[in-house]
Amino acid sequence: MSNVQNPMASHGLWLPPMQQQIFRDLLHVFSYPGRVAECTAESMTWLALLASLTDGEVSLADPHGLITADIWPKLEARPTTPDTATFILADGGRAMDFQPCTGSLESPETGATILLRVAALGEDSAGGFQLNLSGPGIQGHTELAVSGLHPSWLIARAGLVAAFPLGVDLLLCDEHRFAALPRTTRIETGEII
């Protein structure tokens, strides 16, 4: 996965108009699970998503050390461990190796949102999985191709959302695109493409 040379140079990313646009795009992908959206920011997709989601009121875990020291202050989020984090940034190519917060019956909305960096989404996903999706926001079913996602994430997610409304929401992102898999989405793994 390639990175922008200096993410701090993407000044527009830290301004309200860009963050508001990205947030609207996030609402769209969560409303239509499995749809792939292009990232409008000239920055790493995961960074653009975090810039629009985080502030001083939320916590963020980075169990795989993907966030550099110069980016943390811009995000304003409180660093924490995955079991208590509001948001988690993880490398989707690695096996899942932590237990995220799934919320409580009194407050299921406190379940974590996990941003998973993957190699590719959609048409560029050769060598990956074809995910067959159904559930709220999907008319009948839809398919999402993804490469660079370790199979353990799909197995773990099934367990994490089994006690609905408890669970986690996933945001998959490659270098330029992202897609949402809310806890209400049913996933069947199709063929390897």
Next on the checklist: Restricting to the range 66-118, name every residue that is within 13 Å of L47 (Cβ to Cβ), polar (S, T, N, Q) and touching an Asp or Glu at 6+ places or on another chain (Cβ under 9 Å).
Outcome noted: none
Item to check | the range 1-39 - residue that is modelled with pLDDT under 95 and of a type in the set (S, T, Y) and, of those, surrounded by the most Cβ atoms within 10 Å (Cβ to Cβ) | outcome: S10
Checklist entry - Would you say G122 is at pLDDT below 95 and under 25 Å from L47 (Cα atoms)? => result yes
Item to check | Evaluation of A162 against (1) loosely packed, with under 13 Cβ neighbours inside 10 Å; (2) out of contact with any Ser or Thr (no Cβ under 8 Å at 6 or more places or on another chain); (3) touching a residue at least 12 places away in the same chain (Cβ under 8 Å); (4) of a type in the set (A, V, I, L, M, F, W, C) (one fails), failing number | outcome: (3)
Next on the checklist: If I filter the range 166-183 for residues that are out of contact with any Phe, Trp or Tyr (no Cβ under 8 Å at 6 or more places or on another chain) and either more than 23 Å from S52 (Cα to Cα) or among the polar types (S, T, N, Q) (or both), do I get at least one hit?
Outcome noted: yes
Checklist outcome for this item: Given (1) within 28 Å of W14 (Cα to Cα); (2) more than 15 Å from the chain's Cα centre (by Cα); (3) modelled with pLDDT of 95 or more, I67 misses just (2)
Checklist outcome for this item: Given (1) part of a loop (DSSP other than H, G, I, E, B); (2) more than 16 Å from the chain's Cα centre (by Cα); (3) at pLDDT below 95, Q130 misses just (1)
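Confirm whether A77 is crowded, with 16+ Cβ neighbours inside 10 Å, at pLDDT 95 or above, over 19 Å from A179 (Cβ atoms) and aliphatic (A, V, I, L, M).
So A77 passes the test.
Has the range 133-150 got at least one residue that is assigned to a helix (DSSP H, G or I) and at pLDDT below 95?
Taking the range 133-150 first, the residues assigned to a helix (DSSP H, G or I) are none.
The answer is no; no qualifying residue exists.
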Checklist entry - From the list T45, T54, T68, which one is more than 29 Å from G135 (Cα to Cα) and of a type in the set (S, T, N, Q)? => result T68
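The values are calculated or read from the model by the stated rules, or taken from the named source; none is laboratory data. Small disclaimer: the values here were computed from a predicted structure and weren't measured. Every residue, glycine as well, gets a Cβ built from its backbone with ideal geometry; the counts of neighbours run over all protein chains shown.
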